[in-house]
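The values are calculated or read from the model by the stated rules, or taken from the named source; none is laboratory data. A quick note: this is a predicted structure, and the numbers were derived from the prediction, not measured. Note: ideal-geometry Cβ built from the backbone for every residue, glycine included; neighbour counts use all protein chains shown.
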Amino acid sequence: MSILIVQGSSNPNGNTATIVKMLADKLNAEVLDLTTKNILPFDYQFKNQEDDFNSTAHDIFDRFDTIIFASPVYWYTMSGIMKNFIDRLTDGLLYDKALGQKYENKNMAAIACGSSQMTIEGYFIPFQKSATYLKMNYLGDIHSWIDEANVISSVAEKRLHAFTQLF
């Protein structure tokens, strides 16, 4: 199974990146850091076609069976950069039907990276509902965190190991 982790943090070297690196190593997954791409917000007039979304999305859905979305918890939800990317998947439903057809039967999962062990109620609903809407298989999700010592705690690491068993 080919796996891509889409890292949607405004800080490419922050806590989410630490979690992503650990999981990428365990899963032999590739990582796409969204800060390296110019992806504009969704636009009903489709004036955003000069950005990196279309080529990036086609590459993702051509090459990978499983896409794991990893985002920090920003104001109780996913980051803005991740939200833009998820919103732009609509391009494949409205404008680029060939892209939209590639979504079907792909696998999706999600990772939240918070500042504590506390989970955010409803955080994963947009990922779950998006998978259903896009006809993707939702494999699961996990809340992770980095502890006060700026490392992955043993509790979080055990949960992350269990998460890897989904793949």
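Before moving on, here are some points about what is shown:
- Selection within segment 139-167 - hydrophobic (A, V, I, L, M, F, W, C), surrounded by 13 or more Cβ atoms within 10 Å (Cβ to Cβ) and under 14 Å from residue 18 (Cβ atoms): 145, 146, 152, 156, 160
- Among the residues listed as 124, 163, 167, the single one being among the hydrophobic types (A, V, I, L, M, F, W, C), in contact with a Leu (Cβ under 7 Å, 6 or more places away or on another chain) and over 26 Å from residue 47 (Cα atoms): 167
- Residues in segment 158-167 that are free of Cβ contacts under 8 Å to residues at least 60 places away in the same chain and part of a helix (DSSP H, G or I) were compared, and the one that is nearest to residue 3 (Cα to Cα) is 162.
- Residue 43 being surrounded by fewer than 17 Cβ atoms within 10 Å (Cβ to Cβ) and among the acidic types (Asp, Glu): yes
- Extreme residue, surrounded by the most Cβ atoms within 10 Å (Cβ to Cβ), among residues of segment 25-40 that are of a type in the set (D, E, K, R) and out of contact with any Asp or Glu (no Cβ under 8 Å at 6 or more places or on another chain): 33
- Any hit, segment 115-138, residues being over 26 Å from residue 19 (Cβ atoms), hydrophobic (A, V, I, L, M, F, W, C), surrounded by fewer than 17 Cβ atoms within 10 Å (Cβ to Cβ) and at pLDDT 95 or above: no
- Applying the criterion of being of a type in the set (Gly, Ala, Ser) and out of contact with any helix residue (DSSP H, G or I) (no Cβ under 6 Å at 6 or more places or on another chain) to the residues of segment 131-162, the residue that is farthest from residue 13 (Cα to Cα) is 131.
- Checking 112, 131 one by one, the residue that is in contact with a strand residue (DSSP E or B) (Cβ under 6 Å, 6 or more places away or on another chain), among the hydrophobic types (A, V, I, L, M, F, W, C) and touching a residue at least 40 places away in the same chain (Cβ under 8 Å) is 112 and no other.
- All conditions but one from (1) surrounded by 19 or more Cβ atoms within 10 Å (Cβ to Cβ); (2) out of contact with any helix residue (DSSP H, G or I) (no Cβ under 9 Å at 6 or more places or on another chain) apply to residue 68; the one that does not is (2).
- Among residues of segment 136-155 that are among the aromatic types (Phe, Trp, Tyr), those with a Cβ under 7 angstrom from a residue that is in a strand (DSSP E or B), sequence gap 6+ or separate chain, pair up as 138/108; 145/113; 145/114.
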